[in-house]
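Some notes on the structure that comes next.
The values are calculated or read from the model by the stated rules, or taken from the named source; none is laboratory data. Small disclaimer: the values here were computed from a predicted structure and weren't measured. Every residue, glycine as well, gets a Cβ built from its backbone with ideal geometry; the counts of neighbours run over all protein chains shown. The accessibility values were calculated without ligands, DNA or RNA, using every heavy atom of the protein model including side chains. Shrake-Rupley method; radii C 1.70, N 1.55, O 1.52, S 1.80 Å.
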Amino acid sequence: MMWKFRCMLFWLALGTVAMLLPGPVKAGGLQRIKFNNPGLVVDLGVGLVAVPLPMDYDGDGDYDLVVTASQDVPYRGTYLFENPGGEANMPVFKPAVSVGKAHTHIRPSYVDGRVRLLVPAAELVDFRKNRFAKEVKIYPTDLIHPNRCRQRAWHYCDYDSDGALDLIVGVGDWTEYGWADAYNEKGEWVRGPGRGFVYLIRNNGTTAEPVYAEPRKLTAGGKPIEVYAMPSPNFADFDGDGDLDIICGEFLDKMTYFQNTGTRTEPKYTAGRFIEHDGRPIQIDGCMITPVAFDWDKDGDIDLLVGAEDGRVAFVENTGKLLDGVPVFAPPCFFQQEANEVKFGVLVTPVGVDFDGDGDEDLLCGNASGYIGFIENLDGGNPPKWAAPKYLEADGKIIRIQAGYNGSIQGPCEAKWGYTALSVADWDHDGLPDLVVNSIWGKVVWYRNIGTRKSPKFAAAEMIEVQWPGKPPKPAWIWWEPQPKQLATQWRTTPVAIDFNRDGLNDLVMLDHEGYLAFFERKKVDGKLQLMPPERVFRSEGKSVFSWCHGSRGEKTGGLLRLNDATTGLSGRRKLCLADWDGDGRIDLLVNSSNANFLCNVSSRDGIHTFRDMGRIGKRALAGHTTSPTVVDWDKNGVPDLLVGAEDGHLYYLKNPHDKAAAR
């Protein structure tokens with residue numbers, strides 16, 4: 001049970017811990033790479049979990065976009081994307097500028113023509129001047145719900161039109177959900193859902209001298225308003241009839257409309273219905289969505305600006321039309337910005353490789369949403385000029401691996417996540433680079449390149465097959481049974497396809513089902529390539545000096561190299577890169593940590609490889625969850641340099657300290 005306690009503590013404490021860490025700073029040599037591509041336009045984005053705060057921040061008459069990156073380590077903060085001018089609904093914003101600290105539970109309220117920003121039980125005062133740092137208490141406690149809450153979204157609203165501002169609070173209650181390891185043998189979740197409620201704290205006094213009543217849950221259709229775990233409630237006249245309706249977000253990807261069929265002074269709400277377009281619920285391409293009601297296009301009806309987990313913000317336009325009493329919204333359109341720093345979703349997992357055969361190193365990246373992106377190196381420079389990320393396809397469809405209802409050990413709340421981690425290698429030895437991919441499932445697959453060296457094209461995913469002598473092993477905590485020959489291992493860990501024993505055949509090095517680093521040797525048997533069962537040929541020397549994430553650790557003393565000894569939700573998560581980092585001719589190991597740790601290969605003898613943990617390579621903290629290291633050689637000097645994918649979705653570069661030329 002200890003891992004459950006640690007996991008819950010992590011989520012509850014993440015905002016507090018990360019709040020102490022800086023935003024974009026220069027430290028320890030690790031620096032975000034830039035597109036270096038003037039004129040390029042990409043999706044606007046901050047770090048992990050975007051909360052949009054639309055307003056005319058600079059007072060020039062147009063709406064800017066202020067966005068808080070509320071939950072990651074390297075990018076946590078509040079950022080201004082300046083509107084360059086004009087009345088376009090979808091302007092191309094200027095790059096992000098840091099304007100202050102972040103708050104995990106921040107919400108905007110629009111009162112008498114100005115924006116006011118609330119955090120739990122407090123208001124941020126003079127936020128421009130004070131860089132979002134000065135809080136004034138507005139309520140005695142933020143603990144208005146009987147259980148611990150993952151979301152506490154406060155804002156002002158004159159709920160009953162009596163001239164006094166009341167308080168609205170959305171809470172996300174995960175008590176019944178627990179967190180992990182709660183599927184039965186049929187893959188059915190046996191605990192409860194994440195629950196999201198909306199509270200009213202009525203003001204029986206005045207706005208200047210409030211007298212608040214006891215908090216009470218608001219109801220709709222005769223029941224307490226409830227959505228999935230993260231309500232972010234908005235009160236506005238969405239249907240144009242003069243009273244305040246409600247739209248709530250959720251932890252997944254949809255938004256629920258509660259129509260006010262009462263009056264402005266005595267609201268009464270119908271049961272919730274998803275807002276739709278063309279008969280289907282509108283879904284945001286991402287999860288942990290935070291909608292904010294705001295007339296962005298200045299046409300008199302209330303639109304939605306929706307932040308998502310991957311740091312992007314979508315404009316969901318209110319068309320002004322109604323269908324069966326429900327306002328009709330347009331499909332989401334993600335805001336754009338002038339390209340600056342390279343980003344691909346969040347918890348990005350890069351691989352440096354000449355993917356298109358033009359002689360320079362491109363980037364292929366997985367991310368939390370389950371995509372695989374191609375970021376093309378356009379000029380082979382140092383630093384390179386990058387194209388905008390493009391989603392890779394297989395069998396004519398965009399590659400996106402997702403957990404769905406029961407693919408994540410941490411339950412159905414993670415349905416939208418995929419956590420793709422990959423290698424690029426010629427897996428079938430036909431001269432073309434293929435993809436080897438692991439994900440949230442722990443099912444390792446590969447995508448055969450059926451294109452050409454300069455124009456890769458991929459077939460549908462196939463299982464990585466192992467010549468198991470019997471029933472395939474699997475982590476003890478997963479509910480599903482592997483197919484014959486299937487490789488079922490720990491989730492969210494890199495499958496490193498590499499000719500490790502240098503016999504001309506690409507092998508596989510990765511965590512096995514118990515968290516040990518293992519060598520899956522490739523052989524030719526009767527002229528066919530076969531992958532042998534894993535061997536634990538890796539050892540650790542001495543004591544490991546670091547832990548990687550969520551409280552899990554690697555091997556603490558000498559012996560087999562076990563990169564994760566935890567179970568269930570804390571298992572896996574190891575991002576690996578194999579390269580000769582120190583130039584001594586032996587293959588070393590780079591492993592995710594607060595940035596990346598160097599595990600030096602101190603001995604390779606008789607098929608046994610011993611590693612010594614040399615500690616972190618850089619000083620800059622890049623992770624509260626996890627990072628993902630790879631190596632690149634953009635200066636083409638034959639010495640691998642470090643590139644780390646961070647949880648903010650950005651990529652951080654560090655010159656190899658073992659580069660003798662650089663040292664001189």
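With the convex hull drawn around the C-alpha atoms of the stretch 401-475, the volume per residue stands at 105 Å³.
Using a cutoff of 8 angstrom between alpha carbon atoms and counting only pairs six or more residues apart, the relative contact order for the chain works out to 12 percent. Could you tell me whether the stretch 173-280 comes out rounded, prolate or oblate from its Cα gyration tensor? Rule is a ≥ b ≥ c as square roots of the eigenvalues, rounded for a/c under 1.5, then prolate if a/b exceeds b/c, otherwise oblate. It comes out oblate by the Cα gyration axes. Of Lys101/Lys443; Lys94/Lys129; Lys343/Lys619; Lys385/Lys474, which pairs sit farther than 32 Å apart, going by alpha carbon to alpha carbon? Pairs exceeding the cut-off: Lys101/Lys443; Lys385/Lys474. Net charge dipole, the stretch 423-468: roughly 220 debye, given to the nearest 20, about the Cα centre with Cβ charges of +1 for Lys and Arg and -1 for Asp and Glu. Rolling a 1.4 Å probe over the protein chains gives Arg536 an accessible area of about 80 Å². Every Cα-Cα pair of the stretch 443-531 was included, and the share exceeding 17 Å stands at 56 percent.
For the stretch 458-500, with the dipole built from +1 on Lys and Arg beta-carbon atoms and -1 on Asp and Glu ones, taken about the Cα centre, which of Ile478, Thr493, Ala459 lies farthest toward the positive end? Going by the Cα projections, it comes out as Ile478. A convex hull fitted to the Cα coordinates of the stretch 377-425 yields 152 cubic angstrom per residue. When Rg and Dmax are taken over the Cα atoms of the stretch 359-502, they come to 16.2, 51 Å. Farthest toward the positive end of the dipole of the chain, out of Thr256, Gly559, Gln151, is the Cα of Gly559, where the dipole comes from beta carbon charges about the Cα centre. For the stretch 353-407, the share of alpha carbon pairs falling in successive 5 Å distance bins from zero is 5, 19, 22, 20, 15, 9, 5, 3, 2 percent.
Give me, ordered by chain and number, the residues 5 or more places off Tyr212 or on other chains with an amide H under 5 Å from its own placed amide H. Under 5 Å from the amide H of Tyr212 lie the amide H atoms of Asn204, each far enough along the sequence or on another chain. Please label the shape of the stretch 49-140 as rounded, prolate or oblate, based on the square roots a ≥ b ≥ c of the eigenvalues of the alpha-carbon gyration tensor (a/c under 1.5 means rounded; beyond that, a/b larger than b/c means prolate, else oblate). Judged from the Cα gyration tensor, the stretch 49-140 comes out oblate (a/c at least 1.5, b/c at or above a/b).
At 4 °C and a viscosity of 1.567 mPa s, what translational diffusion coefficient does Stokes-Einstein give for the stretch 215-365, taking Rh as the Kirkwood radius over Cα pairs? Give it in µm²/s as a whole number.
Working: Rh = 17.2 Å.
Once the numbers are plugged in, D ends up at 75 µm²/s.
For Cα pairs less than 8 Å apart in space and 6+ apart in sequence, what is the mean separation divided by the residue count of the stretch 60-201, i.e. the relative contact order in percent?
It rounds to 14 percent for the stretch 60-201.
The stretch 99-159 and the stretch 166-181 have Cα centres separated by 18 Å. Both radii are taken from the alpha-carbon atoms of the stretch 93-140; with Rh as the Kirkwood radius, Rg/Rh is 1.00. The fraction of Cα-Cα pairs per 10 angstrom bin, counted from 0 for the chain, comes to 3, 15, 26, 25, 17, 9, 4, 1, 0 percent, rounded to whole percents.
I need the trypsin sites (Lys or Arg not before Pro) found in the stretch 391-420, filtered to DSSP loop residues with at most 13 other beta carbons within 10 Å of theirs.
Passing both the DSSP loop test and the Cβ count: no residue.
Sorted largest first by accessible area at a 1.4 angstrom probe radius, with every protein chain in place, the residues Asp303, Asp60 fall in the order Asp60, Asp303.
A compact globular protein would have a Cα radius of gyration near 2.2 N^0.38 Å; the ratio found for the stretch 115-228 is 1.30.
Taking a straight line from the alpha carbon of Lys223, these lysines sit under 18 Å away, with near neighbours fewer than eight places off in the same chain left out: Lys268.
Taken per residue, the accessible surface of the stretch 123-170 reaches 49 Å², heavy atoms only and a 1.4 Å probe. When every Cα-Cα distance of the stretch 111-163 is counted in 5 angstrom steps from zero, the calculated P(r) takes the values 4, 17, 21, 23, 19, 10, 4, 0 percent.
Taking a quarter of the surface of the Cα convex hull of the stretch 591-631, what do you get in nm²?
3.4 nm²
Distant-in-sequence amide contacts of Phe93, defined by a placed amide H-H separation under 5 Å and a gap of 5 or more residues or a different chain, comprise Gln336, Gln337, Glu338. Evaluated with a Cβ-only charge set (Lys, Arg +1; Asp, Glu -1), the chain carries a dipole of roughly 2460 debye about its Cα centre, given to the nearest 20. Each residue of the stretch 64-79 was assigned a 3J(HN,Hα) from its phi angle through the Karplus curve 6.51 cos²θ - 1.76 cosθ + 1.60 (θ = phi - 60°); the sequence is 9, 10, 9, 9, 9, 8, 8, 9, 9, 8, x, 10, 4, x, 10, 10 Hz, with glycine and proline shown as x. Each of the GluC sites (Glu not before Pro) that DSSP puts in a loop and that has at most 15 other Cβ atoms within 10 Å breaks the chain; the longest unbroken stretch is 189-664. What do you get for the angle between helix 2-19 and the principal long axis of the chain? Use alpha-carbon atoms, 0 to 90 degrees, nearest ten. With both axes taken from Cα atoms, the answer is about 70 degrees. Rounded to the nearest 10 square angstrom, Met55 shows an accessible area of 10 square angstrom against a 1.4 Å probe.
Over the stretch 367-518, what is the mean sequence separation of C-alpha contacts under 8 Å (at least six apart), divided by residue count, expressed as relative contact order in percent? In percent, rounded to a whole number, it is 17. Please report how far the C-alpha centroid of the stretch 358-418 lies from that of the stretch 504-529, rounded to the nearest whole angstrom. Using only Cα atoms to place each centre, the spacing works out to 24 Å. Per-residue ellipticity at 222 nm computed for the chain from its helices equals -1000 deg cm²/dmol, with DSSP H segments shorter than 4 residues left out and the rest contributing -39,500 (n - 2.57). Annotation for the stretch 218-253 versus the stretch 574-643: alpha-carbon center distance of 49 Å.
How large is the Kirkwood hydrodynamic radius of the stretch 303-363, counting all unique pairs of alpha carbons, in Å?
It works out to 15.0 Å.
For a straight C-alpha distance cut-off of 17 angstrom, the lysines reachable from Lys454 (same-chain residues fewer than eight places away being disregarded) are Lys390. Amide H contacts of Gly380 (H built 1.01 Å from N, in plane; Pro and chain starts excluded): Lys385 sit under 5 Å, all sequence-distant by 5 or more or on other chains.
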